[in-house]
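**Q** Below is one structure. I have some questions about it.
Rule-based calculations on the coordinates, nothing more; no lab input. Keep in mind that what you see is a predicted model, and the values were worked out from it rather than measured. With ideal geometry, Cβ positions are generated from the backbone for all residues, glycine too; neighbour counts draw on all protein chains shown.
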């Protein structure tokens, strides 16, 4: 009995010491000062907003059929390129313009020095708007109602393309020249993988031995209310993005008449496998950019969350438990999967001789497609089911450095443009053109200078996509300020 009391005594002392250490660590988390410099975003860019509106009318649409994309978009891309040259005359006269693989665009603004160039990405294609009759305003008319522009591409990704062009034109109009060259790279098919656009741009830059210091592309923006316990807006800079793997499950068993079915058939075997997979969750991992997001946000949080996120070495299990309860937050800390296509019979009274399904996986860094295939095979544990890759897998990207050239300047521009916004690293859970540029530089950062909330995020790849002139003006100011740092 005395021994038990002694154990509880020492256990209590240990817990008290641990809590003391955690409390001290929390209190030592000083709140870094924000950049005092601010960009003037009060002068609304009405002419630029009108050009933005015109850009929405170019229908470069990404369909899954690559051949259709090339044929249907060819003339539209040429018209779009011509419009850019006409709309931005100083940039057209000053910079070098190159058309890559018939539809993508490379614009190089020569710097004073011969150091590596900073490269800014955008893409000229948009996803379809098949539900156009249900939109408030036609998706390809670019209507401006009050201070708001409506249309497909206003937030993905003509928002970046036009803001970059506007900032470059304004910089050159003032007679300014960047220290090192700036490259604007606009791909033609990001929405379908970038094989015809970004991949060819990378090849062109490698073949011509053009060095790149860092790359900035779409990804997160200035997010409102997304990080628990953080009252400030949060600018999340994507240091990496998840990979994309689709597995095909196929079952082939002789069919027959539905009047005398066998106990097991293709659909029942496949359904059993899919049930196992759908009810399985890959382990959650709080590491890399996601861990950095919470650790770097902690100093700005209220005390409870600050205590939680300042001591992730100890509190990680609790944090992971909380994050896995949300669909988007869960996707940031684990490889996710979902069945997207199921195909089997063709007649109601015939047992299908073959059944198949497609399962899409979005993989976290350091979780390879080969590991996933082996895990799924072990989970299914049924030799009647063939498991193979459907098309090519895209592995998760390398993790970019969280300090140094590129990200340091991006953070300065964020603080100057969006006062009291906390800038932190993050993991992008969707795909971007960045996956096609990893041979150029290890420094790839995914951030667009637009403010997002749950309300306007729903328009990306959805219905009623829109942007305000205030958002657009801030984005142009951000890029112009950032250009001045390079």
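**Q** How do 137, 466, 280 rank when sorted from fewest to most other Cβ atoms within 10 Å of their own Cβ?
**A** Values: 137 16, 466 19, 280 12.
The most exposed by this proxy come first: 280, 137, 466.
**Q** Just checking my list (1) 30.2; (2) 24.3; (3) 27.8 against mean projected area of the Cα convex hull in nm² computed from this structure; which label fits?
**A** Correct label is (1).
**Q** Now a separate question. Compute the orientation-averaged projected area for the range 241-389 from the convex hull of its Cα atoms and round it to one decimal in nm².
**A** Details: hull surface 43.0 nm².
Answer in nm², one decimal: 10.7.
**Q** Moving on. I'm a student and want to see the number: the projected area of the Cα convex hull of the range 134-209, averaged over all directions, in nm². Don't skip to the answer; put the middle values down first.
**A** Details: hull surface 30.8 nm².
Projected over every direction and averaged, the Cα hull of the range 134-209 covers 7.7 nm².
**Q** Which shape class, rounded, prolate or oblate, goes with the range 125-170 when its Cα gyration tensor gives a ≥ b ≥ c as root eigenvalues, a/c under 1.5 marks rounded, and past that a/b bigger than b/c marks prolate?
**A** Details: a/c = 3.78, a/b = 1.68, b/c = 2.26.
Taking the square roots of the gyration eigenvalues as a ≥ b ≥ c, the range 125-170 is oblate.
**Q** In square nanometres, what is one fourth of the surface area of the convex hull spanned by the alpha carbons of the range 139-278?
**A** On the way: hull surface 73.1 nm².
Projected over every direction and averaged, the Cα hull of the range 139-278 covers 18.3 nm².
**Q** Next question. Please report the antiparallel percentage of the DSSP beta bridges confined to the chain, to the nearest 5.
**A** Values: 44 of 68 bridges.
Given both bridge residues lie in the chain, the antiparallel proportion sits at roughly 65 percent.
**Q** If you look at just the Cα atoms of the range 436-485, how large are its Rg and its Dmax in Å?
**A** 14.2, 37
**Q** For the pair residue 360 and residue 271, how long in nm is the line joining their label points, each one 7 Å along Cα→Cβ?
**A** That separation, rounded to one decimal, is 2.5 nm.
**Q** Same structure, new question: Can you give me the Cα centroid spacing of the range 371-416 and the range 80-142 in angstrom?
**A** After rounding, the separation between the Cα centres reads 28 Å.
**Q** How would the range 57-146 be classified by its alpha-carbon gyration tensor: rounded, prolate or oblate, with rounded meaning a/c under 1.5 and the a/b versus b/c comparison settling the rest?
**A** prolate
**Q** PRE reach from residue 405 (point 7 Å along Cα→Cβ): which of the range 105-134 fall under 15 Å by backbone N?
**A** Zone members listed by number: 111-120.
**Q** Full-extension gain between residue 388 and residue 248, please, as 0.36 nm times their residue separation minus the C-alpha to C-alpha distance.
**A** Numbers: separation 140, 0.36 × 140 = 50.40 nm, distance 0.53 nm.
So the chain would gain 49.9 nm between residue 388 and residue 248.
**Q** Still on this structure: Would you list 290, 322 from fewest to most Cβ contacts within 10 Å?
**A** Details: 290 23, 322 12.
Taking fewest neighbouring Cβ atoms as first place, the list is 322, 290.
**Q** Highest mean first, how do 243-254, 437-448, 75-86 rank when packing is the count of other Cβ atoms within 10 Å averaged over residues?
**A** Values: 243-254: 19.2, 437-448: 20.9, 75-86: 15.9.
Ranked by mean Cβ neighbours within 10 Å, highest first: 437-448, 243-254, 75-86.
**Q** Mind giving me the nanometre distance, one decimal, between the label points for residue 461 and residue 324, set 7 Å out from Cα along Cα→Cβ?
**A** If labels sit at residue 461 and residue 324, their model points lie 2.4 nm apart.
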